[in-house]
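The structure under discussion appears below in the form of C-alpha cells.
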Amino acid sequence: MADPAVSPDLAALEELLLQMWRIRAFELRAMELFEEKLIRGSVHPYVGMEAIAVGVCSALGPGDYITSTHRGHGHCIAKGLELRLMMAEIMGRRGGYCRGKGGSMHITAMEHGMLGADAVVGGSLAIAVGAAHGLSRVQGRDSVVVAFFGDGAANQGLFHEAANLAAVLSAPVVFVCENNQWAISTPVAAATRIENIADRAPGYGFPGVVADGNDVLDMRRVAGEAVARARAGEGPTLIEAKSFRITPHSAATKTDLRPPELLDEWRRRDPILRFSRYLADEAGVEPARLDELEAQARREIEEAVEFALASPRPEPGEEIEDVYAPSTWTTPGRLA
Amino acid sequence: MREVPETAAGPRELTLAEALNEALHEEMARDPGVFVIGEDIGELGGLFQVTAGLLERFGPARVIDSPISEAGIAGVGVGGALVGCRPVVELQISDFITLTMDQVVNHAAKWRYMSGGRVSVPFVIRGPVTSGTGLAAQHGQTLEAWFVHVPGLIVIMPSTPYDAKGLLKSAIREDNPVVLLEKRLLYGRRGPVPEEEYLVPIGVADVKREGRDVTVVAYAQGLHLALQAARQLAREGIEVEVIDPRTLKPLDVDAIAESVRKTGRLVVVSEGARAGGYASEVVARVVDEAWDALQAAPVRVTANDTPIPYAAGLEREVLPQAEDIIAGIAAVMQGVSVEGG
C-alpha cells in the first residue's frame, strides 16, 4: 500500500472503498440477473479489478473523459454514472442510459465524461486520442482523456497507431492497460514475449509505468502523476495495471481454463479486502464502518435493480429511432 | 447547373479540386471546431491540393499532417466528433478506407444508435477514387456500395465542382458521419461555382439533362459519360434524361421514380463492381417505387467483377465507357421506334 502520508483525507478514502463495493455488488448482482434471464447477451464482470477504475477516476476532474471496454461497468461507476440508469440499460429498459439500444457493452454518458464503452477490443484507443486533441488543442479546454483497455488490446494494430498518434500530437491522453493476464483462455505470456506491456511506451517516446492494479492508492497516485503530465501539455503516459479477474470472462462463458490455484492466489489479493484491511490498520476505520460501506453499496444496487425492473421495455417502433441525428433530410419518408 | 446565376462576365469557373478546397476554407473560417487530418495535407496541401493553404491559415492544431496511419486518423476523427468538433479526415487514396473500416463501420456509424441518441458523430471521411489513372488494383476501387450498406452513414459522390463544394459544406455541417468519395479524374474538371456562399442539400438529386425517352441515373465519372452518351444519342433522336443522385445515401428515389414514370425506362451507371453494387440498389429501389411504370427491364452499366488491372487497354475494358452506356440505352429502347432526329 502507498504511503499514508500522501493519502487523501479519510472521507475520500472511504469513498474509494464505497466505489469499489458498488462495482463489486453491481457485477455480482448483474451475474445473478443474467442467470435469471433478466439480462440477455452477456455481462463481463470487473470483479477483482475494481481498484484500477476507482483509483484512476479518483484522479480525474469533472471536465475529464474516459473511453471504456466490453468490461466497462467498473469504469462507468468509477466515473460517477448513475447505477439506476446503468442497470436499466443492461436489462434492456427504456429508462436506461441508451434507451435499451446499447446494453452492457455500450453505455455512454457525455455529461459524466463517459465517451462510451466499446465492444471492439482496442477499438476506442484512437478515439481517445482524437477526443483529447479536440478538447485541448481545438477547443482550448484543459481536459484529459483516459483510455482504458486490456492486455489483449495492446496486441491490436490500433494500439500502435493510437500510441504513436498520441505521441506526435502530444495529446493529453493517459493509456491505462488493465493487464488481467488472461484472454478468455489464453495467458498473456502466450500473447506477447515481453514481461511488461508498459515497456512498449518508450518505443513511442513517452513514459510507461507499471502499477499494482489491486492497490487503489497506487493506482490513484500513478494516475494522478500521468494526468498532471497530460494536463501540463507534456503528452501521454502508458500505465500498466497488473491485476486479475476473479470471475470468468463473462456470464455467458462458463468454461474457465485458468488454474484454480491461480484464482485462489489472486482472491487473497482481492483489492477490496486489501484496502479494507489498510483502512482498519492504517487509518483507524472501525470494522462496523467498513460493514456499513459495503451495506450501503448493496442497498444502492438493489435500488438500481428495482428502478430497472419498474422501467418499461422499449416499444416496437423505437428501433428505427436514433439511427441518424436530425438533419435537413431526415423528414419522415426520406430516410434511405 | 440552373442554380448558378449568370452574370455579364459569365459565372466564375473552378476545378473540382479548387471547389473542394474553397469549401474547406469557408467551413474552417466559419466554425472553429472544424479540423482536418490526413497524410501530406499541411505543407504540401494534399496530394491533389484539396487542402492547399489551410495550414498557413488555420495552424497545425486544426490542419494535421498525420503519420501514415489510416485507422488511427479515422479514430481521431471519431473521437474529435464525439466531443463536439467537426473533423474532416482525408484519405490520400480512397482504397485505404479498408484500413479504417472498424472506425467507420463499427464506431462512427453506430455510436449514436448504441447510445440511444445521446451523442452524434459529425465526422467526414473523404478521398479520391483513382480508377482510370493506371494505378492498378489497390488504387482503383469504387467502394461506395459498402458504405451504403451500413446504417448510420451518409454517402456522397459529387460530379461537378458546384456540387462538390456545396455537398462538402453540407457534409461538414451534418451531424451524421459522411463518407465522401471524389473521382480523381474529375479533380481538374472545370465548372461554374458562384462567388457567393451556397449549400447543396444532402438527399436531393439533380436532373443534369432532361429527356423523354429513357432515364439514366449516373454519378461522378459515370455522370459525364452518361451526358456524353446522351449528346450522341440526341443526334439520333433519342432524348435521354440524366439524373445525378449526388447523395447515394440517402437516395432521392422520388426524383428518380418521377423520371421513370415519364420515360418508362431505366439505365443505372456505376463504376463500382457489378455484384452487390450500387446500380443494383438503384434498380431495386425503382422497382419498389415505380414497377408499374417500367416498360422494359432496367439495365445496369457497371465495372466488371474483376480487380482493376494496370494496363490501359485492360482497365478500359473493366470500367464502364460511354459506348457501354449507349449499348445499355439501346437495350432498354429495343423495339421502340424513335421519332424525329
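Every read-out reported here was derived from the displayed coordinates using simple, explicitly stated rules and does not represent laboratory data. Only a predicted model underlies this, so the values are computations on that prediction, with no experimental measurement involved. Every residue, glycine among them, receives a Cβ derived from its backbone with ideal geometry; neighbour counts consider all protein chains shown.
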Show the residues, 5+ positions off or on another chain, whose built amide H is closer than 5 Å to the amide H of B:E13.
B:V193
Starting from the 7 Å offset along Cα-to-Cβ, what nm value, one decimal, do you get for the label separation of A:R141 and B:A275?
4.7
What Rg and what Dmax come out for the range B:80-132 when only alpha-carbon atoms are used, in angstroms?
12.5, 43
Which net charge results when you count Lys and Arg as +1 and Asp and Glu as -1 among the other residues whose beta-carbon is under 15 Å from that of A:L158?
-4
Projected area averaged over all directions for the convex hull of the alpha carbon atoms of the range B:31-80, nm², comes out at 3.4
Neighbour-count ranking for B:V332, B:V269 (other C-beta within 10 angstrom, fewest to most) reads B:V332, B:V269
Taking the number of other C-beta atoms within 10 Å as the exposure measure, put A:F159, A:F148 in order starting with the fewest.
A:F159, A:F148
Residue order, fewest to most beta carbons within 10 Å, for A:S327, A:S124
A:S327, A:S124
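Looking at the range A:231-336, what % of the alpha carbon pairs are farther apart than 20 Å? Display every interim value, and only then the final one.
Details: 4095 of 5565 pairs.
Tail of P(r) above 20 Å: 74 percent of Cα pairs.
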Send over the per residue convex hull volume for chain B, Cα only, as a whole number of Å³.
136
Helical mean residue ellipticity (222 nm; -39500 (n - 2.57) per DSSP H run of 4+; nearest 500) of chain B
-9500 deg cm²/dmol
At q = 0.10 Å⁻¹, what is the base-10 log of I(q)/I(0) for the protein assembly as shown according to the Debye formula with one equal point scatterer per Cα and no solvent? Please give it to two decimals.
-0.93
So how far, in whole Å, is the C-alpha centre of the range A:61-88 from the one of the range A:132-204?
19
GNM on chain B, Cα springs under 10 Å; top mean-square fluctuation among B:T160, B:T98, B:T247 goes to B:T98
Have a look at the range A:157-198 and give its Rg and Dmax from the Cα atoms, expressed in angstrom.
12.6, 36
Could you work out the per residue convex hull volume over the alpha carbons of chain A, in cubic angstrom?
148
In the structure displayed, which of A:K101/B:K249; A:K101/B:K110; A:K37/A:K254; B:K169/B:K249; B:K110/B:K249; B:K183/B:K262 lie more than 19 Å apart, Cα to Cα?
A:K101/B:K249; B:K183/B:K262
Regarding the range B:1-99, what are the three Cα extents along the principal axes, ordered largest first, in Å?
49, 28, 25
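May I ask you to list the GluC sites (Glu not before Pro) in the range B:33-125 that are in a DSSP loop and have at most 13 other Cβ atoms within 10 Å of their Cβ?
Sites meeting the loop and neighbour criteria: B:E43.
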Alpha carbon convex hull of the range B:206-332, volume per residue in cubic angstrom
96
